[in-house]
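The values are calculated or read from the model by the stated rules, or taken from the named source; none is laboratory data. On a predicted model such as this, the values are computed, not experimentally measured, just so you know. Quick reminder, even Gly has a Cβ in these numbers, built from the backbone with ideal geometry, and neighbours come from all protein chains shown. SASA here: full protein model, heavy atoms, side chains in, ligands and nucleic acids out. Shrake-Rupley method; radii C 1.70, N 1.55, O 1.52, S 1.80 Å.
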Amino acid sequence: MAGKNSGLFQKEYSFRGGHAEHVQALTSKFGSRNSQLFNRNLDVYMIAPLVGFCYQRRGNPDLTPNGETTKIFPEQLIKESQTLWFIYRLILLLDKKHERDFETRVHKAFRNYGKPEAEEDEMLFDSYVLGGVELLYEKLLENGHSEEDYINNLYDFLSDFSERYYSTLSADDIQETVIKLAKTGRTTSRNSRV
């Protein structure tokens, strides 16, 4: 989970309780061909916040005493930190419900990270991770009993996710965000020269 002064993507991450059980199930082998939906806990961690955000599903940490735990080691997170920071920033830039003002979203995404004031945003990101884990488990595994069920669930989920993604984020929204971001960058660089 996100910590003070952001060890985000720099130190061990632990899924706990029900979330750990879900991640273990999502990375388990199944069927006669030993298929897997996800190879590693890290793969779940990288997809989950995007799923959580697109479905607006946030989860709370499961702090059940003596509950299950599964981890992602620091070396893995550090190796993928560039991609993880991209996902983190993308969510902060696009989450208008969390922060309505575009300039503030840009500030949070590119200037606050690693600072104590980013703790709320890191907790938001983590809530999307946990919500995404819950949703992945529900959509992919919960009602499955056979390899064929899991494959059908995956197909249905990917179809729904694609439809949801394109209905949530139109090309115009993306273009508008990029233009605003470019203008913000120009303004910032002009101001820094003064």
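List every residue pair whose Cβ atoms lie under 9 Å apart, where the two residues are 6 or more positions apart in sequence or sit on different chains, the first residue falls within segment 148-174 and is hydrophobic (A, V, I, L, M, F, W, C), and the second residue, located anywhere, is exposed (fewer than 14 other Cβ atoms within 10 Å of the Cβ) and modelled with pLDDT of 80 or more. From residues that are hydrophobic (A, V, I, L, M, F, W, C), the pairs are Ile151/Gly31; Ile151/Ser35. Scoring Glu119 on the criteria (1) assigned to a helix (DSSP H, G or I); (2) in contact with a Phe, Trp or Tyr (Cβ under 9 Å, 6 or more places away or on another chain); (3) open to solvent by 50 Å² or more (accessible area, probe 1.4 Å); (4) of a type outside the set (Lys, Arg) leaves a single failure, condition (2).
Among the candidates Leu63, Leu77, the residue that is among the aliphatic types (A, V, I, L, M) and in a helix (DSSP H, G or I) is uniquely Leu77.
Do we find that Thr83 is β-branched (Val, Ile, Thr), open to solvent by 30 Å² or more (accessible area, probe 1.4 Å) and without any contact (Cβ under 8 Å) to a residue 40 or more places away in the chain in this structure? Spelling it out, Thr83 is indeed β-branched (Val, Ile, Thr), open to solvent by 30 Å² or more (accessible area, probe 1.4 Å) and without any contact (Cβ under 8 Å) to a residue 40 or more places away in the chain. Looking only at segment 25-35, which residues are loosely packed, with under 15 Cβ neighbours inside 10 Å and in a loop (DSSP other than H, G, I, E, B)? Matches in segment 25-35: Ser28, Lys29, Gly31, Ser32, Arg33, Asn34. None of Arg105, Arg57 is out of contact with any Cys (no Cβ under 9 Å at 6 or more places or on another chain), open to solvent by less than 80 Å² (accessible area, probe 1.4 Å), among the basic types (Lys, Arg) and touching a residue at least 24 places away in the same chain (Cβ under 8 Å) except Arg57. Go through the residues of segment 27-45 one by one and say whether even a single one is charged (D, E, K, R), more than 18 Å from Leu158 (Cβ to Cβ) and at pLDDT below 95. Taking every residue of segment 27-45 in turn, at least one turns out to be charged (D, E, K, R), more than 18 Å from Leu158 (Cβ to Cβ) and at pLDDT below 95.
Consider segment 130-168 and keep the residues that are closer than 22 Å to Leu93 by Cβ and in contact with a Lys or Arg (Cβ under 9 Å, 6 or more places away or on another chain). The one that is surrounded by the fewest Cβ atoms within 10 Å (Cβ to Cβ) is Phe161.
Determine whether Arg57 is on the phi < 0 side of the Ramachandran plot, among the charged types (D, E, K, R) and assigned to a helix (DSSP H, G or I).
no
Of the numbered criteria (1) within 20 Å of Gly132 (Cα to Cα); (2) over 11 Å from the mean Cα position of the chain (by Cα); (3) of a type in the set (Val, Ile, Thr); (4) not in a loop (DSSP other than H, G, I, E, B), the one Thr104 fails is (1).
Of the residues making up segment 36-45, those that are without any contact (Cβ under 8 Å) to a residue 60 or more places away in the chain and either open to solvent by 30 Å² or more (accessible area, probe 1.4 Å) or not in a helix (DSSP H, G or I) (or both) number 5.
Taking the conditions (1) in contact (Cβ under 8 Å) with a residue 40 or more places away in the chain; (2) part of a loop (DSSP other than H, G, I, E, B) in turn, His22 satisfies each one other than (2).
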